[in-house]
Amino acid sequence: MRRFACIATLCAVAAGCATTPSHFYILSPTATPAAATSDLSVVVGPVSIPASVDLPQIVVSTGPNQVSLDDFNRWASPLQDNVSRVVAEDLVAMLGTPRVSLFHQSLNADADYRVAIEVQRFESAPGEAATLNAVWIVRRTKDGKAHTGRTTVREPALDKGYDALVAAHSRALAHMSQDIADAVRALDRATP
């Protein structure tokens, strides 16, 4: 009887160790480097993310008014930091300048431009699409002149896996980064 109890306990422990492993994801820059180089300096941030998706778990849309948290598919870092980093890296490539930094890490208090982003929708539907809706503002620091814009994009997820979904989010962020880079260039051309 005692041997049976020990075997049953070992089986329970082994079954507990055989649970589904967690997978961790990061967003990636997708911009290709610009041909021309620039000496512009840009600070990205602050970036705000809706509280409903700013969680370690990837929040999956399951219906028009319903989401679920996927405990086994998670962001490797806070989503807000992930988005900031990718936009900054995309801007480095798009603007042809290495002088792009993050707001909370910036030593460049006198940057030429500051970018603030308010993400209003960041929806994940595996096998369908990644949806991004964000308002952003680019402000020239020397005179305060600003350009405000909105980027709304729905990028298809090329298969049902989370890799494809995260890649779709990365492409959506590249669209927003391109809109921001265009605004920086427009403000720079209009410098008095």
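Working carefully through the options L91, L69, L102, find the one that is modelled with pLDDT under 95 and under 15 Å from the mean Cα position of the chain (by Cα).
Being modelled with pLDDT under 95 and under 15 Å from the mean Cα position of the chain (by Cα) holds for just one of L91, L69, L102, which is L102.
Tally time: how many residues in segment 115-129 are part of a strand (DSSP E or B) and either touching a Ser or Thr at 6+ places or on another chain (Cβ under 8 Å) or surrounded by fewer than 18 Cβ atoms within 10 Å (Cβ to Cβ) (or both)?
Qualifying residue count for the region: 9.
Answer yes or no as to whether A116 is within 16 Å of the chain's Cα centre (by Cα), aliphatic (A, V, I, L, M) and within 30 Å of R189 (Cα to Cα).
yes
Consider K160 carefully, then state whether it is closer than 30 Å to P56 by Cβ, surrounded by fewer than 19 Cβ atoms within 10 Å (Cβ to Cβ) and of a type in the set (K, R).
Answer is yes for this residue.
Could you give me the residue pairs with C-beta distances under 8 Å whose first residue belongs to segment 101-119 and is under 26 Å from A130 (Cβ atoms) and of a type in the set (F, W, Y), whose second residue is at pLDDT 75 or above and part of a helix (DSSP H, G or I) wherever it lies, and which are 6+ apart or on separate chains?
F103/S84
Residues S68, S61, S84, S48: which one is closer than 23 Å to P98 by Cα, surrounded by 12 or more Cβ atoms within 10 Å (Cβ to Cβ) and among the hydroxyl-bearing types (S, T, Y)?
Step by step, each of S68, S61, S84, S48 is checked, and only S84 is closer than 23 Å to P98 by Cα, surrounded by 12 or more Cβ atoms within 10 Å (Cβ to Cβ) and among the hydroxyl-bearing types (S, T, Y).
State all residues of segment 52-84 that are part of a helix (DSSP H, G or I) and either among the polar types (S, T, N, Q) or in contact with a strand residue (DSSP E or B) (Cβ under 7 Å, 6 or more places away or on another chain) (or both); if no residue qualifies, say none.
Once the filter is applied, which keeps residues that are part of a helix (DSSP H, G or I) and either among the polar types (S, T, N, Q) or in contact with a strand residue (DSSP E or B) (Cβ under 7 Å, 6 or more places away or on another chain) (or both), segment 52-84 yields Q80, N82, V83, S84.
Here are G161, G144: which of them is small (G, A, S), under 20 Å from the mean Cα position of the chain (by Cα), modelled with pLDDT under 95 and over 14 Å from L173 (Cβ atoms)?
G161
Residue check: is R154 among the basic types (K, R) and either buried (at least 19 other Cβ atoms within 10 Å of the Cβ) or under 12 Å from the mean Cα position of the chain (by Cα) (or both)?
Taking the combined requirement at face value, the residue does not satisfy it.
Conditions first: (1) at pLDDT below 95; (2) surrounded by 20 or more Cβ atoms within 10 Å (Cβ to Cβ). L132 passes all but one, so which condition is the exception?
If we test L132 against (1) at pLDDT below 95; (2) surrounded by 20 or more Cβ atoms within 10 Å (Cβ to Cβ), just (1) comes out false.
Going through segment 147-171 one residue at a time, which ones are free of Cβ contacts under 8 Å to residues at least 40 places away in the same chain and assigned to a strand (DSSP E or B)?
Correct list: T148, G149, R150, T151, T152, V153, R154, E155, P156.
Out of segment 43-57, which residues are touching a Ser or Thr at 6+ places or on another chain (Cβ under 6 Å) and among the β-branched types (V, I, T)?
Matches in segment 43-57: V43, V44, V47.
The values are calculated or read from the model by the stated rules, or taken from the named source; none is laboratory data. Remember, it's a predicted structure, so these values are computed and weren't measured experimentally. Positions of Cβ are backbone-derived with ideal geometry, glycine not excepted, and every protein chain shown enters the neighbour counts.
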